[in-house]
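Note sheet for the following structure.
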Amino acid sequence: MTKTIEGLTAESTEVQAAFRRLLLGLADTKRLLGIRYSDWLLGAPSIEGGIATSSMAQDEWGHARLLYAALKDFGDDPLVLEHEREAAEYASWDPLDRPLPDWAHLIAGVVVVDGALALALEGILEGGYEPLGGRVGKMLGEEEFHQALGAAWFQRLSAGEGEGHQRLQEAVETMLAPTVRCMAPGDDAHERLADRGLILPSSTLRYRLAERLDPLLERVGAQVPTESTLDNDWDARRGRGIGHPEEEAVVRARGDQNRALFVE
Amino acid sequence: MAELTASRSLPVVKAPSSDQALPAHVQSHASGGRDLWTDPLPERPDDPDAVLLELLHEVLDPELPISLVDLGLIYGARLEGGIAHIQLTFTATACPCMEFIREDVRDRLVRETWIEAVEIQEVWDPPWTRDMISDRGRRRLRKLGVGV
């Protein structure tokens, strides 16, 4: 297929719906991740760490905005996507449904969730869908800094057998499997896109994520799961588990409290 | 060690005005450098595309006092009919100054009688990097103590 808007429009409705699901999931996840990062602007173990979360939150919201804008090509109104949807409609990845309770979870979020998001974007870039190429390239350039910071903190917290190590281990245990499942579910929608050459197959994504993260994750005794585990709690429509982000985060994401002050 | 008492007089430091506080080589204190913008041309120039770039050279970035062109944010400028089509990128996907920059670009160009409207196309390909700053921009930034 020609990897343009016209080419995608000529594809089956199933392929178009699968691509829309993928982009919406990435956009929503980045929006939620930005909120979770911003929660730790104050109260981080160091001022520098807190400031870094502020910068990363800014990046994630910028990426979300570009991805929502890209969904215009699928008939969506970006303003509706950003400001009008209920929590149950969010396609963000499960590990971000609740606030990240401590710095160890935040670092696990940077390494695991943000790392998996970056890999998913790389898969889109390799797929060569033209309207997203330049935007994704810019996003990945910004993501390099996130991963450098995440790796440095991961090594620091995982050193030794103290509380930092234990908390990081718990955070990774909680977040790793559901993150990988959302990034590379191996369900019909995902593989349909892979068959059309628009993204990488789930098996390739999992392999690459393992190659990238396992050297770090092994420090807390974890490994990227290589097999897909879709259970009864998989919501194929949204490409995530059943459930949704807590209401408070969605109220913030939508900007409910400042709705009367919107500037367009 | 001197004891601090309520009666002790402390020196009063008067803050400089905003003009005095800025280095001499920062010449503009208005958004987009608009206090330095030149007067509109009397008529449509022979080479409007080149002139569009010259005009955008007058528009300063809101955070760094060098022009958008020198910062490497302008990817293209052409006039079709009376419409100025500008290809613009930003240094970051969530640049907080996006709206200021768009406004400054529009405001500078529509001062010209031969420009009826401005269409800004946001582009991200190729992604902006510091390599896109011009030599002149680098020299100006170094004067301001910004390493690039």
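The values are calculated or read from the model by the stated rules, or taken from the named source; none is laboratory data. These numbers come from a predicted model, not from an experiment. No Cβ is skipped: glycine too gets one built from the backbone with ideal geometry, and neighbour counts run over all protein chains shown.
Filtered by the rule that a residue be under 23 Å from A:Ala222 (Cβ atoms) and either at pLDDT below 95 or among the hydrophobic types (A, V, I, L, M, F, W, C) (or both), segment A:127-143 gives no residues. Of all the criteria given as (1) in contact with a His (Cβ under 6 Å, 6 or more places away or on another chain); (2) within 18 Å of A:Glu130 (Cα to Cα), the one not satisfied by A:Lys30 is (2). Take the residues in segment A:48-90 that are assigned to a loop (DSSP other than H, G, I, E, B) and not acidic (Asp, Glu); name whichever of them is surrounded by the most Cβ atoms within 10 Å (Cβ to Cβ). Taking the candidates together, the pick is A:Tyr90. Could you please let me know if A:Glu11 is of a type in the set (D, E, K, R) and modelled with pLDDT of 95 or more? For A:Glu11, the condition - of a type in the set (D, E, K, R) and modelled with pLDDT of 95 or more - is not met. What are the residues in segment B:121-148 that are within 14 Å of chain A (Cβ to nearest Cβ), under 29 Å from B:Asp46 (Cβ atoms) and surrounded by 13 or more Cβ atoms within 10 Å (Cβ to Cβ), if any? Matches in segment B:121-148: B:Val123, B:Met132.
When A:Ser38 is tested against (1) away from every other protein chain (no Cβ under 14 Å); (2) more than 20 Å from A:Arg21 (Cβ to Cβ), only condition (1) is not met.
Listed here are the residues, each with its yes/no results for (1) of a type outside the set (Lys, Arg); (2) free of Cβ contacts under 8 Å to residues at least 24 places away in the same chain; (3) over 27 Å from A:Glu143 (Cα atoms); (4) part of a loop (DSSP other than H, G, I, E, B).
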site: B:Leu109; (1), (2), (3), (4): yes, no, yes, no
site: B:Glu112; (1), (2), (3), (4): yes, no, yes, yes
site: B:Gln121; (1), (2), (3), (4): yes, no, no, no
site: B:Trp124; (1), (2), (3), (4): yes, no, no, yes
site: B:Arg136; (1), (2), (3), (4): no, no, yes, no
site: B:Arg140; (1), (2), (3), (4): no, no, yes, no
site: B:Val146; (1), (2), (3), (4): yes, no, no, yes
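Residue-wise test of (1) touching a helix residue (DSSP H, G or I) at 6+ places or on another chain (Cβ under 7 Å); (2) over 17 Å from A:Ala108 (Cα atoms); (3) at pLDDT 95 or above.
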{"residue": "A:Glu48", "(1), (2), (3)": "no, yes, no"}
{"residue": "A:Ala52", "(1), (2), (3)": "yes, no, yes"}
{"residue": "A:Leu79", "(1), (2), (3)": "no, yes, no"}
{"residue": "A:Glu86", "(1), (2), (3)": "no, yes, yes"}
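Okay, residues lined up against (1) in contact (Cβ under 8 Å) with a residue 60 or more places away in the chain; (2) more than 13 Å from the chain's Cα centre (by Cα); (3) within 14 Å of another protein chain (Cβ to nearest Cβ):
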site	(1), (2), (3)
B:Asp70	yes, no, no
B:Tyr75	no, yes, yes
B:Ile83	no, yes, no
B:Phe90	no, no, yes
B:Pro96	no, yes, yes
B:Arg106	no, no, no
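So, in segment A:160-185, exactly how many residues are part of a loop (DSSP other than H, G, I, E, B) and modelled with pLDDT of 95 or more?
The initial filter retains those residues of segment A:160-185 that are part of a loop (DSSP other than H, G, I, E, B), namely A:160-162, A:184-185.
Next cut, modelled with pLDDT of 95 or more only: A:184-185.
Here the count works out to 2.
Does A:Trp93 satisfy the condition of being more than 14 Å from chain B (Cβ to nearest Cβ), farther than 16 Å from A:Thr29 by Cβ and crowded, with 22+ Cβ neighbours inside 10 Å? The answer is no for A:Trp93.
For B:Arg111, are the conditions met, namely being more than 13 Å from the chain's Cα centre (by Cα), more than 14 Å from chain A (Cβ to nearest Cβ), more than 17 Å from B:Gly33 (Cβ to Cβ) and not polar (S, T, N, Q)? Steps first, please.
Details: more than 13 Å from the chain's Cα centre (by Cα): yes; more than 14 Å from chain A (Cβ to nearest Cβ): yes; more than 17 Å from B:Gly33 (Cβ to Cβ): no; not polar (S, T, N, Q): yes.
Judged against the criteria, B:Arg111 is not a match.
Summed over segment A:17-72, the residues that are polar (S, T, N, Q) and closer than 19 Å to A:Thr179 by Cα give a count of 1. Total residues in segment B:70-107 satisfying the condition of being of a type in the set (Phe, Trp, Tyr) and surrounded by fewer than 16 Cβ atoms within 10 Å (Cβ to Cβ): the figure is 1. Only one entry in A:Gln147, A:Gln169 is surrounded by 15 or more Cβ atoms within 10 Å (Cβ to Cβ), under 15 Å from the mean Cα position of the chain (by Cα), touching a residue at least 12 places away in the same chain (Cβ under 8 Å) and more than 14 Å from every other protein chain (Cβ to nearest Cβ), namely A:Gln147. Is it the case that some residue within segment B:67-82 is at pLDDT 95 or above, in a loop (DSSP other than H, G, I, E, B) and under 26 Å from A:Leu66 (Cβ atoms)? Looking through segment B:67-82, at least one residue is at pLDDT 95 or above, in a loop (DSSP other than H, G, I, E, B) and under 26 Å from A:Leu66 (Cβ atoms).
One residue is enough: does segment B:19-32 have a residue meeting the conditions modelled with pLDDT of 85 or more, of a type in the set (A, V, I, L, M, F, W, C) and outside any helix (DSSP H, G or I)? Walk me through how you get there before you give the answer.
Of the residues in segment B:19-32, the ones modelled with pLDDT of 85 or more are B:32.
Among the residues that remain, those that are also of a type in the set (A, V, I, L, M, F, W, C) are: none.
So far as segment B:19-32 goes, no, none of its residues is modelled with pLDDT of 85 or more, of a type in the set (A, V, I, L, M, F, W, C) and outside any helix (DSSP H, G or I).
Report whether or not A:Tyr68 is touching a residue at least 24 places away in the same chain (Cβ under 8 Å) and touching a strand residue (DSSP E or B) at 6+ places or on another chain (Cβ under 9 Å). Considered against the rule, which asks whether it is touching a residue at least 24 places away in the same chain (Cβ under 8 Å) and touching a strand residue (DSSP E or B) at 6+ places or on another chain (Cβ under 9 Å), A:Tyr68 comes out as no.
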